[in-house]
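Data first, discussion second: the structure below is written as structure tokens.
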Amino acid sequence: MKKINIAIDGPASSGKSTVAKILAKDYGFIYTDTGAMYRSVTFMAIKHEVAFSDELGLVELIHRYPITFKQSEVGQLVFIDGEDVTLAIRKSDVTNNVSEVSAHELVRKELVKQQQTIAKDGGVVMDGRDIGTAVLPDAEVKIFLVASVVERAERRYKENQAKGIKTDFETLKTEIEKRDYIDSHREVSPLKQAEDAILIDTTGKTIAEVVTMIKAVVSQKGYL
Ligand code: CDP
Ligand code: CDP
């Protein structure tokens, strides 16, 4: 029997990757972080001095330097052309420019093709912004996670503190709001809840509570 796919979309810091990783582990599925792919292209643009506005230059980078994921004991690692970029793609120079890079139609076309190939046999939990609407419109389960911007900025703030990264709460909040605005207003595949996605407001909810709610949706639909 073909395994199902689970699509998880939502704005920055709504908890997508955290819950997607747990679901993938519990169900024995593959986790795919599509945001890491757009971040990788942004990282390459900075490294190879390709302008964020240079759509064809960005596409050439995607063709020349393949992005791959590897599972390890410490979690999923991201490689570009053999280089481990897992930590580098989370830095602010990438975060603050990724929405400009991801707004290009041809960049999206290339990465969406790769994402669809990863999910073609099912058994994937994929998180991003357009998974339920554009990448996997036939995904058996679609979840749209939201949370208040204050809570999302607090989550990032705590995450940075735990990693020893100094940040200012107001700056983080402004950066999240700006990225959400660009991601939801771009012409190609904007961040939007798919009509058949289940909306979960995670404000004030723990990770465990959100995972339980998604598992309930999966079993209510008659899967797993
Ligand atoms: O984890 P965080 O919410 O900070 O973002 P991410 O999932 O790593 O995604 C980084 C950026 O990539 C987003 O702000 C979008 O601009 C872009 N993205 C996208 O356009 N489509 C996706 N499917 C995933 C990410
Ligand atoms: O992938 P996305 O940007 O949507 O968010 P994330 O990276 O999964 O979550 C951002 C931070 O919020 C992480 O440090 C999570 O541990 C935390 N989080 C939380 O505190 N409560 C939740 N219900 C979900 C995530």
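The values are calculated or read from the model by the stated rules, or taken from the named source; none is laboratory data. Quick caveat, the model's predicted, so the values are computed rather than measured. Virtual Cβ from ideal backbone geometry, glycine too; neighbours counted across all protein chains shown. With ligands, DNA and RNA removed, areas are computed over all heavy atoms of the protein, side chains included. Shrake-Rupley method; radii C 1.70, N 1.55, O 1.52, S 1.80 Å.
Proximity of backbone amide H atoms, modeled 1.01 Å from N, is registered between residue 30 and 124, 125 at under 5 Å, excluding neighbours fewer than 5 places apart on the same chain. Cβ-Cβ distance of residue 54 and residue 181, R₀ of 35 Å, FRET efficiency by 1/(1 + (r/R0)^6): the value works out to about 0.95. Springs between Cα atoms under 10 Å define the GNM used for the chain, and in it the highest mean-square fluctuation of 33, 121, 180 occurs at 121. Between residue 216 and residue 159, the distance separating the two model label sites (each 7 Å from Cα on the Cα→Cβ line) works out to 2.5 nm. Within the accessible area of the stretch 5-220, the carbon and sulfur atoms contribute 53%, probe 1.4 Å, all protein chains present. Mind scanning 3/173; 166/221; 21/192; 113/166 and naming the pairs with a C-alpha gap bigger than 32 Å? From the list (3/173; 166/221; 21/192; 113/166), the Cα-Cα distance tops 32 Å for 3/173; 166/221; 113/166. Enumerate the residues in the stretch 137-158 having an amide nitrogen under 20 Å from the point lying 7 Å beyond the Cα of residue 170 toward its Cβ. The answer is 149-158.
From its DSSP helices (H runs of at least four residues, each -39,500 (n - 2.57)), the chain gives a residue-normalised ellipticity at 222 nm of -14500 deg cm²/dmol. Going by a ≥ b ≥ c, the root eigenvalues of the Cα gyration tensor, does the stretch 1-54 fall in the rounded group (a/c under 1.5), the prolate group (a/b larger than b/c) or the oblate group? It comes out prolate by the Cα gyration axes.
Equivalent ellipsoid semi-axes for the stretch 5-220, as square roots of 5 times the alpha carbon gyration tensor eigenvalues: give them largest first, rounded to whole Å.
Values: eigenvalues 121, 88, 60 Å².
Equivalent ellipsoid of the stretch 5-220: 25, 21, 17 Å, largest first.
Taken along the Cα-to-beta-carbon direction at a fixed 7 Å, the label points for residue 71 and residue 86 span 1.4 nm. Dipole magnitude for the chain: about 580 debye, using +1 per Lys or Arg Cβ and -1 per Asp or Glu Cβ, origin at the Cα centre.
Candidate cross-link partners of residue 70 among the aspartates and glutamates, defined by an alpha-carbon separation under 14 Å and a same-chain spacing of 8 or more, comprise 33, 81, 83, 84. Against the empirical 2.2 N^0.38 Å (N residues), the stretch 101-222 has a Cα radius of gyration ratio of 1.18.
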